[in-house]
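All remarks here apply to the structure that follows.
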Amino acid sequence: MPKYLSVIAALALTATASSSQTAPQKPSLVVMITIDGFRGDYLSRFGNQFTGGFSRLLAGGAWFTNAHQDHGITETAPGHASLLSGRFPRSTGIAANRVGVFDTNSPLLGFSGGAGASPARFQGTELFDWIKGADSKARALSVSAKDRGAILPIGRAKEGVYWYPGDGEFTTSRYYAADLPAWVKKFNERLLPQKYAGKTWAPLLPDSAYKEPDDVSVEGSGKDFVFPHVLPTDPDQAASIVRATPFMDELIVAMALDGVSALNLGRGPGTDLLAISLSATDAVSHRLGPGSKEAHDQVLRDDRTIGVFLDSLFKLRDSSRIVVVLSADHGFTPIPELASADANPKPTRVSLFPALAAARARLAQAGVDSLAIDVDQQIVLMDRAAFKGKKITPESILDSFEKDARAINGIARIDRFANLARDTAKDPVARRWSHQFPANTNVEMVATLTPGSLWGTLLVASHGSPYDYDSNVPIIFYGPGIARARRTEFVRTVDIAPTLAQLLGVKPLEKLDGIPLRLK
Ligand SMILES: [Zn+2]
């Protein structure tokens, strides 16, 4: 076993094996593994180098290769909210990260920084509510480095939901509890994040296993972009920086396994839910790009980490009663500056502000409040009431904005949202946008970049577009009643929750966008 897994391995050894009982038909545990920013093509691209969790899941599970987060803003919060709700952002209400989970009314426990977090803006129910509707004793545990990664797969249920703000301790917010339970305090007292002080991240395999060049200075904006990467020797600094390294995923897994033991999760006779969201792939890709040697290595490390996690979990609980689903909240756009020379149009970094400035100047000239039009990255909002009694109309301002925006390098299209909702059959970009906002939205227009381009405010690399490279994610179902298969038909992440509901024999409590997938 590689040395870096020693933390988890030690944990697995202390785990007590469950006594084997007569296996009832219903799964006792559903495990949702979300890998943040995990592109749909990683599993086939690096497949021959897997030896751990990915190997196990691919060898025994139903793998959907053409699965998509089928909405317009492919970000972390909307992606996590769709996975186990079976609904698009237009009905979960979580349309973008900036809607998200921040909530000053729900401060974090024992952590002075940060604004607090809760699912206050999440609308409707999720898989766990349906499970609990059938069995009031059901419990859920969700762990992630990110608050939104932990909160949104569960929905509004007040269960064990923990994340890692980056000060060395896992926590939750007042929405869920007044105090941390003993097992979380005990986990924090072990100071595992601090133990990564001085640790080196070097490639897992020999250099010949990586096709990617390492010496690419646009990665990391020229900072710390070649292997090896060394964590600070100061334990507190290391506990903060570990959040952006592959080691964070090991901590999530260790925390989740402790929780399974402490909470007696998955012992039956009912079904419990464990959700883990692994953020390191996203952090590494944002800083160094999804095509970097580091991103490749991170994928291999997740294979190993998830392998140890499943081995440990199956020692703790009867694997014949565990259903595992693996997916992601979004894919990733390569670094625009590294696009091939013949890319046409050439990927670039874009802002709608020139069009906004022109529109505001027109408003001011006509005596209308110039803030009546606003741009929130890729969406255009308008306060129509501000035009009352004025000589110009909202339509004339939107028309001129549209014309100006189209002239900006890197803008592929700008659509009136109302028009997109009408025709979505043959146009995947329009379809994805129509899944983003409800029909009564105040969003007037949505802008789509040229393929490979990024909004100017984003990091070295990012995601968030309605294109396949950002929407395509893996979906694997693994466990009892699921046949090994490699499936290429188009499916959506909103299909995961209804599929699980059917498998568990529970009823969704509302109308879903997704449909159950065939697993046999
Ligand atoms: Zn994400």
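Please give the FRET efficiency for Leu338 paired with Asp376, using the beta carbon to beta carbon distance and R0 = 35 Å, rounded to the nearest 0.05. Taking R0 as 35 Å, the efficiency between Leu338 and Asp376 is 0.80.
Where the accessible area of region 103-172 is counted over protein heavy atoms with a 1.4 Å probe, how much of it, in %, is carbon and sulfur? Solvent-exposed carbon and sulfur of region 103-172 make up 45 percent of the total. Beta-bridge orientation, the chain: approximately 50 percent antiparallel, per DSSP, counting only bridges with both partners inside. Towards the positive end of the charge dipole of the chain, with charges on Cβ (+1 Lys, Arg; -1 Asp, Glu), say which of Leu300, Ser279, Gln69 has the farthest Cα. The residue sitting farthest along the positive end of the dipole is Gln69.
Computed over region 74-193, the P(r) tail beyond 26 angstrom holds 18 percent of alpha carbon pairs.
At q = 0.19, 0.20, 0.25, 0.27 Å⁻¹, what log₁₀ I(q)/I(0) does region 333-410 have when each alpha carbon counts as one equal point scatterer in the Debye sum? The calculated log intensity ratios at q = 0.19, 0.20, 0.25, 0.27 Å⁻¹ are -0.77, -0.82, -1.14, -1.28. The residues packed around Phe88, meaning those with a beta-carbon under 12 Å from its beta-carbon, carry a net charge of +3 if Lys and Arg are +1 and Asp and Glu are -1. With the highest mean first, a sort of the peptides 269-278, 473-482 on other beta-carbon atoms found within 10 angstrom per residue produces 269-278, 473-482. Within region 366-520, all pairs of alpha-carbon atoms sorted by distance into 5 Å bins from zero give the percentages 1, 7, 14, 15, 15, 13, 11, 9, 6, 4, 3, 1, 1, 0. If you wrap the tightest convex hull around every Cα atom of region 370-460 and split its volume per residue, you get 116 Å³. Relative to its Kirkwood radius, the Cα radius of gyration of region 430-505 gives an Rg/Rh of 1.06.
Remark on region 21-84: Rg and Dmax equal 14.8, 46 Å (Cα only). For the pair Arg518 and Thr441, a Förster radius of 25 Å applied to the C-beta separation gives a FRET efficiency near 0.15, rounded to the nearest 0.05.
With the convex hull of the Cα atoms taken as the outline of region 471-520, the averaged projected area works out to 3.8 nm².
Cα centroid separation, region 393-464 to region 285-340: 30 Å. Can you give the angle from 0 to 90° between the axis of helix 353-365 and the longest principal axis of the chain, with both taken from C-alpha atoms, to the nearest 10? Tilt relative to the chain: about 40 degrees. The 1.4 Å probe gives accessible areas that order Thr448, Thr104, largest first, as Thr104, Thr448. Note: region 410-473, Cα convex hull, 101 Å³ per residue. Ordering 248-256, 219-227 by mean Cβ neighbour count within 10 Å, with the highest value first, yields 248-256, 219-227. Annotation: region 82-152 has a Kirkwood hydrodynamic radius of 13.3 angstrom, from the mean reciprocal C-alpha pair distance. Shape analysis of region 312-448 yields a ratio of the Cα radius of gyration to the Kirkwood radius, Rg/Rh, of 1.17. Counting only Cα atoms, region 289-335 measures 43, 19, 9 Å along its principal axes, largest extent leading.
With the dipole of the chain worked out from charges on the C-beta (+1 for Lys and Arg, -1 for Asp and Glu) around the Cα centre, which of Leu191, Leu127, Phe170 lies farthest toward the positive end? Projecting each Cα onto the dipole axis, the largest value belongs to Leu127.
Any idea what log10 I(q)/I(0) is at q = 0.06, 0.10, 0.11, 0.12 Å⁻¹ for the chain, Debye with uniform C-alpha scatterers and no solvent? Here log10 of I(q) over I(0) equals -0.28, -0.79, -0.95, -1.12. Approximating the spin labels as points 7 Å out from Cα along Cα→Cβ, the Asp41-to-Asp399 distance works out to 4.2 nm. Mean residue ellipticity, 222 nm, helices only, the chain: the sum of -39500 (n - 2.57) across DSSP H runs of n ≥ 4, divided by residue count and rounded to 500, is -8500 deg cm²/dmol. The mean of 1/r over all distinct Cα pairs in region 149-212, once inverted, gives the Kirkwood hydrodynamic radius of 14.7 Å.
Electrostatic tally near Glu489: other residues with Cβ closer than 13 Å to its Cβ, Lys and Arg +1, Asp and Glu -1, net +3. Other residues whose C-beta falls under 9 angstrom from the C-beta of Phe332 contribute a net charge of -1, scoring Lys and Arg +1 and Asp and Glu -1.
Given region 214-343 reduced to its alpha-carbon atoms as identical point scatterers, what log10 I(q)/I(0) does the Debye formula return at q = 0.09, 0.14, 0.17 Å⁻¹? So the normalised log intensities work out to -0.35, -0.74, -0.96. Sorted largest first, the spans of the alpha carbon positions of region 107-251 along the three principal axes are 53, 32, 25 Å.
The values are calculated or read from the model by the stated rules, or taken from the named source; none is laboratory data. Just so we're clear, the structure is a prediction, and the values are computed from it rather than from any experiment. All Cβ positions, glycine included, derive from the backbone under ideal geometry; neighbour counts span all protein chains shown. Accessible surface is based on the protein model in full, side chains and every heavy atom, while ligands, DNA and RNA are left aside. Shrake-Rupley method; radii C 1.70, N 1.55, O 1.52, S 1.80 Å.
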